[in-house]
Each structure stands twice: as C-alpha cells, then as structure tokens.
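These notes are about the structure you will find just below.
The values are calculated or read from the model by the stated rules, or taken from the named source; none is laboratory data. Note that the structure is a prediction, hence the values are computed from the model and not measured. Here the Cβ positions follow ideal geometry from the backbone for every residue, glycine too, while neighbour counts run over all protein chains shown. The protein model used for the area step is the full one, side chains on, heavy atoms only, and it has no ligands, DNA or RNA in it. Shrake-Rupley method; radii C 1.70, N 1.55, O 1.52, S 1.80 Å.
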Amino acid sequence: MSKRIRTHYDNLKVSQDAPIEVIRAAYRSLCKKYHPDQNHDNPDADRIMSLINRSYAVLSDPDQRRAHDEWIAAQKHGHTVNTVATAEEDYSAAPPASRPSETDSETDSETDNVLHQTLHKRRLWLGLVFFLMVLGGLFWLADQQRQAVSDMPQTRGGEDAAASYPEFAQYLAGYPVLAEHGNGMVKINNGTNRSAVFVQIYPADQKNAIRTLYIPPAADFTVFKLEAGSYTLNYRQLLNDVWEQADFHISDGQTQAENVHLKPARVATP
C-alpha cells in the first residue's frame, strides 16, 4: 500500500479546494495555538511554527499553490512520493469495539439491540456537539475578520499611493525568500507599535534583501532558517512613511530566537 502523502493543506488543516479566506483563518488559528510565545514548554514549537509559516507562504501565493496542486496530482498518479512534514501529529481513530458474537440465544440478541441503541444515541450527541462547534467557529471567524479590518493601517499620500496589505504578519507575495540554509531564527516584535510595518532583512554588506514581510500593529513574526552572521533590518512605518533600521546577529548553535523590538512610529502632534 502506498504511503499517504502529506501536503501543505494537511499542515494548515484545510481541504485542497479551500478558498483563501478559509486558509487565512486556519493560519491565524494555528499561529495562536502553536506560536513559541504561547508554548514555552514545547521544544518543538519553533519547528511547528516554521512549518505553518512555510505552508501558508505556499498556499497564499497563487503560483506556488498551483505548482503544489500539480505536485499532489503527480503523486496520486503513481509518481515517486516525497512527503511533506505535517505541523501536528495525526491522531488516528481508535479501532471500533468488536460487536458481540451472534448466537441463537434470546439474551445475546437483546444485548446486541441495546448496544446498537447506545451507539445510535452517541452518534446523535456527537452530531449535535459537532454542529454547535461549527456554528461557534463561524461566529468566531466573523469576529476575527471584523477585527482584522479594523486593525488595517491607513497609508499616506492619497488614493493613488494606497497599498493593499495582508490581514496579518507574513512574507509578502512577489518578493523572493532566499538563503534558507541555516538554523538561526529572529523574532521581529512590533508589539508596542500602533503602525503596521514593511520589513526587509539584509545580510551584512549585501544589497539584496533575503526576506520581505509585513507585520500589522501590535503583532510579531518569527523568521526561520537564517545562517549565522550579522544582519540589517530595514522597516518602513506605514503610519507616517518613515524608514527605521535595526541590526541583529545570529550565532552558531542558536537555540532561541533573537529578539528585535521595532520602534513605535512617531506621529506629529498638532
């Protein structure tokens, strides 16, 4: 029997035909659940968060998602399977309880009927619980979408200069993700800032950005797979169009993320 392939859809717990709105909501939920800041006792939190970020980066980009769908189709048609690591363990359902052996006695028949009635009641209760969970999830998703819209930054310069930004922290589509050969990581913290930021990371003495991302107000983003060395982080405050800079260093054998706290945007008082 061929091994079931693991995909980026599995990492985000969504179906392959899920619309981008569902993928975004799933990513937001997994970030809240697995972010290293919320899982200090979990040594795998950084690895899991890296998988979630990578899967969202692929599925949120139309070209990368299309290529991933083609890869899935190729695996299903008998090509060599290269599995994709999953962001969470799959818990297989326990084997169902064995049915009582059928006998000719009236006692065994009654026992079998009682068992069927009990299982039927359990299915009804499980169905009701599932329905209530789905209903609650829909209300939660609607509330999160309203909150995300209210958090979107206003750009200066009029309608011609307005830019469309994502709902939450992520790599920006259209920019390359380079130099993913190291084990280092940096947490870019925008938690005390009322402004969203446009961020680019440059290795020391290089002119090409290896990562480009967006972080909304009062949020953070962890960048993974950085090689050891010095880096410069250039970021633009979208509230006032001011560029800022911060430097950080990744050491060999790093076990915890380097923290970079971004400055709050300076807003001129009337």
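Looking only at residues that are open to solvent by 40 Å² or more (accessible area, probe 1.4 Å) and at pLDDT 90 or above in segment 1-19, which one is nearest to His77 (Cα to Cα)? The extreme case among them is Gln16.
For Gln200, the conditions (1) farther than 18 Å from Glu244 by Cβ; (2) over 19 Å from the mean Cα position of the chain (by Cα) are fulfilled apart from (1).
The strands (runs of 3 or more DSSP E) located wholly in segment 176-270 that include 1 or more residues which are open to solvent by 40 Å² or more (accessible area, probe 1.4 Å), of a type in the set (Gly, Ala, Ser) and touching an Asp or Glu at 6+ places or on another chain (Cβ under 8 Å) occupy 229-237.
In a residue-by-residue description of segment 50-58, the property of being in contact with a strand residue (DSSP E or B) (Cβ under 6 Å, 6 or more places away or on another chain) and touching a residue at least 40 places away in the same chain (Cβ under 8 Å) applies to at least one position.
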